[in-house]
Amino acid sequence: MKTYLPPKFIVERDDSRCIRCEVCVNQCTFDVHSYDIEDDELKSREENCVGCHRCVVFCPTEALTIRRNPLDYRENYNWRPEVIEDIIKQSETGGMLLTGMGNDKSYRIYWDHLVLNASQVTNPSIDPLREPMELTTYLGQKPDRVEFSSVGLKTELAPQVKLEVPVMFSAMSYGAVSLNVQESLARAATEMGTLWNTGEGGLHPKLYKYGDNTTVQVASGRFGVHPEYLDVARIVEIKIGQGAKPGIGGHLPGEKVSAEVARTRMIPRGTDALSPAPQHDIYSIEDLAQLVYALKEATNYTKPVAVKIAAVHNSAAIASGMVRAGADIIVLDGLRGATGAAPKIIRDNVGIPIELALASVDDRLRQEGIRNQASVVIAGGIRNSGDVAKAIALGADAIYIGTAALVALGCTICQQCHTGKCAWGICTPDPWLTKRVNPDIGARRLSNLLRGWSLELKDILGGMGINALESLRGNRLHLRGVGLTDTELEILGVRMAGS
Amino acid sequence: MKEVVTIDGQGIFSRELNAKLRQAAWNGTQKIELRNVYGQRYIGTNLGKPVEIEIFGTPGNDLGAFMDGPKIIVHGNAQDGCGNTMNDGEIIIHGHAGDILGLSARGGKIFVREDVGYRAGIHMKEYQDKKPAVVIGGTAQDFLGEYMAGGVLILLGLNLKEGERHKANFIGTGMHGGVIYMRGKIQEFQLGKEVGVAELDENDYLTLKGLVGEFASHFDYDAEELLRYKYTKLFPLYLRPYGRLYAY
């Protein structure tokens, strides 16, 4: 069938700069560039271009420019080019539209409507360059009260996990991302004193040595879940849902199940790895409690058990149930949380913004007097240390980053993860492509990112006159809203700027 | 350390009971007799030793969850989630078992003398020599072998009357690996649409002979007699049942 899809991008090649080195040909995984030896000319199949800019970055003479194809259809606010193209795609395939990364629609980003406070005159700010600043965060259940005996702490504490930076790497499974990506994450997490997360794809034996900085996931497919996997981990996370696809399971297509992925997930090579939508042993809060305690039994009560849900309408009530079910850490993944593959219609339409979910969950747990019983970790579109600081002020204990970490490794958010052709070598099983992420360099880039954010967080805290992140946590007086309605301010629990 | 120890479950919660089991197993006990079990959960979880546990009473949910090696014999009925994500070991139930028997099991064997609840064998998987097996003496409820990705599931239907068919619907829905052997009548409409029906070949009979033989020896049946019945083989029609859902 002839496709009616027009090219999304235009490839401009400055022939006076092009030296025919064919780097673009070799770097592009979508078959855009080709070299015609007879005409000594490089040609482009623009209809294949996804706009990942791999060729632009690697062209040694900067001969390439990738521009959006303006697609000047007759103006129509309802029937925008994206809408038209989606219909064309479906009419040509009859399938559900699949996509990668997070929701790209223009839902309000509340972080951009929240501003932070600083000390002026009436209390001194602190200079973090010369004074100690503490970002240390402990994840895990905190006791209602502590008792001391003559020798020390008498109260028995639930297992705690210490983070040097309140930023962890979000769940990304082996199979969705490559082993080199996971190794980069694991090494950076180890170096920076934080954690990375296996996602639901098992843990490759090569990465067992990073176990102390590893959160392992137990999700509906139970892939690669065995005693050693649970033993080696620092935190065990039950995944109920994910911000990019709340209520939806996952299908890792058979093409991505290579011999190594098969070994780690413990399924035959080439079969689809199907994660069912529900966990079939969890149909209620009571059932969740059963799995939480099954995992605590399986790890002899030595590790916190986290439960991750997608932020949805009833998150606050669900979160209350999760805490009562024995979760030591609850993870909320918001509307903009990303994925290696999800139905586009789900990604773009289901779930709620993380800022609102966080505020309402934190409120609810406080009202019920159980906020201390679990740490709250949020995920879904956190872009920089400003977002982190605002999230902590709204009530989060720590933050997961997924997309930001991948961007540090080269990702340009072209949203082609589901194709398995990632030109940046991140979201692909192709052994030739995965070499594009060198774990030595990847780990350094990720550590650098966390170091940069840590420095900024300390600056933010210092400006507020605070020397420990703990003093900012849940302290919404340090936030003000800009351009928000009364209802939004009420849900966020912050006052209007100027008031 | 004593070869056999007896633990009394009377009046203690799951956590305490399991701590006692763990202590006994880690001390090198070969066999544990568990008396007065009243619904305590997770028995057999995290013992990490090939210990034998004989249970008198009613163990609770998640019996043998994440279990790795022990052998459990239940003189009574098992509840829901028996053998949940089990890695290795054996569970022998002289009675019934509840829902999601062997959920996501990746190894080990489960034998149930009587009936089982809904979604037995759901999402069992296999990898190389790790291949879970579930043998059910009676019949099962709906969604037997749902999402099955590996392993062997045998349904004997020994308590069905002559000509009576199994009641389960949606058998093998979403199945994309492994095999189900059934004795007793079923009709086409009871099967999931991802399942094919075939006669058993020589290899199938070998597998069946081994597992049915074990079942017979556990519950005092005559293996020869059990094997004389006619069996049906259910297998996944597609390795990738959901491969054609998407537009890229």
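Only one of the listed residues (A:I87, A:I37) is surrounded by fewer than 16 Cβ atoms within 10 Å (Cβ to Cβ), away from every other protein chain (no Cβ under 14 Å) and among the aliphatic types (A, V, I, L, M). That residue is A:I37. In summary, A:C55 fulfils each of the numbered conditions (1) over 30 Å from B:L245 (Cα atoms); (2) exposed (fewer than 15 other Cβ atoms within 10 Å of the Cβ); (3) among the hydrophobic types (A, V, I, L, M, F, W, C); (4) under 29 Å from the mean Cα position of the chain (by Cα) with the single exception of condition (2).
Of everything in region B:232-242 that is at pLDDT below 90 and under 16 Å from A:P276 (Cβ atoms), the residue that is surrounded by the fewest Cβ atoms within 10 Å (Cβ to Cβ) is B:Y242. When the strands (runs of 3 or more DSSP E) confined to region B:99-178 are screened for residues that are buried (at least 24 other Cβ atoms within 10 Å of the Cβ) and facing chain A (nearest Cβ under 10 Å), those reaching at least 1 such residues are found at B:149-155.
Select the helices (runs of 4 or more DSSP H) contained entirely in region A:419-494, then report the ones holding at least 2 residues which are more than 30 Å from A:R364 (Cα to Cα).
Details: elements: A:431-434, A:439-464, A:486-492.
Of the helices (runs of 4 or more DSSP H) lying wholly inside region A:419-494, those with at least 2 residues that are more than 30 Å from A:R364 (Cα to Cα) span A:431-434, A:439-464.
Would you check if there is a residue in region A:180-194 being at positive phi, crowded, with 21+ Cβ neighbours inside 10 Å, in a loop (DSSP other than H, G, I, E, B) and of a type outside the set (F, W, Y)? Scanning region A:180-194 turns up no residue that is at positive phi, crowded, with 21+ Cβ neighbours inside 10 Å, in a loop (DSSP other than H, G, I, E, B) and of a type outside the set (F, W, Y). For region B:52-62, the criterion of a residue being more than 22 Å from B:W26 (Cα to Cα), of a type in the set (S, T, N, Q) and either modelled with pLDDT under 95 or not in a loop (DSSP other than H, G, I, E, B) (or both) is satisfied by at least one position. Among the numbered conditions (1) among the polar types (S, T, N, Q); (2) within 19 Å of the chain's Cα centre (by Cα); (3) part of a loop (DSSP other than H, G, I, E, B), the only one that A:S499 does not meet is (2). Scanning region A:152-179 for residues that are surrounded by 24 or more Cβ atoms within 10 Å (Cβ to Cβ) and of a type outside the set (A, V, I, L, M, F, W, C) yields A:P166, A:S170, A:S173, A:Y174, A:G175, A:S178. The selection criterion, being surrounded by fewer than 24 Cβ atoms within 10 Å (Cβ to Cβ) and at pLDDT 95 or above, holds for A:P439.
For region A:271-286, taking the residues that are in contact (Cβ under 8 Å) with a residue 60 or more places away in the chain and more than 7 Å from every other protein chain (Cβ to nearest Cβ), the one that is surrounded by the most Cβ atoms within 10 Å (Cβ to Cβ) is identified as A:A273.
Only one entry of B:A198, B:A247 meets the criterion of being within 14 Å of chain A (Cβ to nearest Cβ), over 18 Å from the mean Cα position of the chain (by Cα) and either at pLDDT below 95 or more than 30 Å from B:K71 (Cα to Cα) (or both), and that entry is B:A247. Out of curiosity, is A:I10 of a type outside the set (S, T, Y), surrounded by 12 or more Cβ atoms within 10 Å (Cβ to Cβ), free of Cβ contacts under 8 Å to residues at least 12 places away in the same chain and not in a loop (DSSP other than H, G, I, E, B)? No, not satisfied.
Matching residues to (1) of a type in the set (A, V, I, L, M); (2) under 23 Å from A:V350 (Cβ atoms):
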{"site": "A:S170", "(1), (2)": "no, yes"}
{"site": "A:L179", "(1), (2)": "yes, no"}
{"site": "A:K209", "(1), (2)": "no, no"}
{"site": "A:T214", "(1), (2)": "no, no"}
{"site": "A:R222", "(1), (2)": "no, no"}
{"site": "A:P227", "(1), (2)": "no, no"}
{"site": "A:A244", "(1), (2)": "yes, yes"}
{"site": "A:P268", "(1), (2)": "no, no"}
{"site": "A:A273", "(1), (2)": "yes, yes"}
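If you go through region A:295-330 and pick out every residue that is within 24 Å of A:G247 (Cβ to Cβ), among the polar types (S, T, N, Q) and either within 14 Å of another protein chain (Cβ to nearest Cβ) or surrounded by 24 or more Cβ atoms within 10 Å (Cβ to Cβ) (or both), you end up with 1.
With respect to the conditions (1) within 14 Å of chain A (Cβ to nearest Cβ); (2) touching a strand residue (DSSP E or B) at 6+ places or on another chain (Cβ under 9 Å); (3) within 30 Å of A:G202 (Cα to Cα), B:A65 falls short on a single one, namely (2). Check region B:73-84 and report whether any residue there is in contact with a helix residue (DSSP H, G or I) (Cβ under 7 Å, 6 or more places away or on another chain), more than 11 Å from every other protein chain (Cβ to nearest Cβ) and of a type in the set (A, V, I, L, M). No, because not a single residue in region B:73-84 is in contact with a helix residue (DSSP H, G or I) (Cβ under 7 Å, 6 or more places away or on another chain), more than 11 Å from every other protein chain (Cβ to nearest Cβ) and of a type in the set (A, V, I, L, M). When A:N103 is tested against the conditions (1) within 34 Å of the chain's Cα centre (by Cα); (2) over 18 Å from A:I413 (Cβ atoms); (3) polar (S, T, N, Q), the lone failure is (2).
Assess whether A:E147 counts as being of a type in the set (D, E), more than 14 Å from chain B (Cβ to nearest Cβ) and without any contact (Cβ under 8 Å) to a residue 12 or more places away in the chain.
Working: of a type in the set (D, E): yes; more than 14 Å from chain B (Cβ to nearest Cβ): yes; without any contact (Cβ under 8 Å) to a residue 12 or more places away in the chain: yes.
For A:E147, the condition - of a type in the set (D, E), more than 14 Å from chain B (Cβ to nearest Cβ) and without any contact (Cβ under 8 Å) to a residue 12 or more places away in the chain - is met.
Only residues that are within 14 Å of chain A (Cβ to nearest Cβ) and of a type in the set (G, A, S): list them for region B:85-95, please.
Taking region B:85-95 as the starting set, the residues that turn out to be within 14 Å of chain A (Cβ to nearest Cβ) are B:85-89.
Across region B:85-95, the qualifying residue is only B:G89.
Among A:P81, A:P128, which is the only one that is modelled with pLDDT under 95, closer than 27 Å to A:K245 by Cβ, buried (at least 16 other Cβ atoms within 10 Å of the Cβ) and not assigned by TED's automatic domain parsing to the domain that holds A:G381? I'd like the intermediate steps shown before the answer.
Working: A:P128 fails: closer than 27 Å to A:K245 by Cβ.
Going through A:P81, A:P128 in turn, the sole match is A:P81.
Taking region A:480-499 as the region of interest, how many residues are farther than 21 Å from A:A316 by Cα and aliphatic (A, V, I, L, M)? Number satisfying all stated conditions: 4. The residues in region A:448-499 that are among the β-branched types (V, I, T), closer than 30 Å to A:S184 by Cβ and surrounded by fewer than 16 Cβ atoms within 10 Å (Cβ to Cβ) can be counted, and the count is 0. One residue stands out among those in region A:331-349 that are in a loop (DSSP other than H, G, I, E, B) and within 14 Å of chain B (Cβ to nearest Cβ): the one that is surrounded by the most Cβ atoms within 10 Å (Cβ to Cβ), which is A:T339.
Scan region A:419-436 for residues that are of a type in the set (F, W, Y) and crowded, with 17+ Cβ neighbours inside 10 Å and jot them down. Write out each step before concluding.
Initially, region A:419-436 is screened for residues of a type in the set (F, W, Y), giving A:424, A:432.
Result: A:W424, single match.
Based on what the data block shows, is A:T198 closer than 18 Å to A:C427 by Cα, of a type in the set (S, T, Y) and at pLDDT 95 or above? Against the criterion (closer than 18 Å to A:C427 by Cα, of a type in the set (S, T, Y) and at pLDDT 95 or above), A:T198 qualifies.
The residues of region A:368-409 that are out of contact with any helix residue (DSSP H, G or I) (no Cβ under 9 Å at 6 or more places or on another chain) and either outside the structural domain of A:L479 (by TED's automatic domain parsing) or without any contact (Cβ under 8 Å) to a residue 60 or more places away in the chain (or both) amount to a single one, A:G369.
Results for (1) farther than 20 Å from A:Y400 by Cβ; (2) at pLDDT 95 or above; (3) surrounded by fewer than 21 Cβ atoms within 10 Å (Cβ to Cβ), shown as yes or no for each residue.
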| residue | (1), (2), (3) |
| --- | --- |
| A:V225 | yes, no, no |
| A:E228 | yes, no, yes |
| A:G250 | no, no, no |
| A:R269 | yes, no, yes |
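The values are calculated or read from the model by the stated rules, or taken from the named source; none is laboratory data. These figures come from a predicted structure and were not determined experimentally. For neighbour counting, all protein chains shown are included, and Cβ atoms are generated from backbone atoms with ideal geometry for every residue, glycine included.
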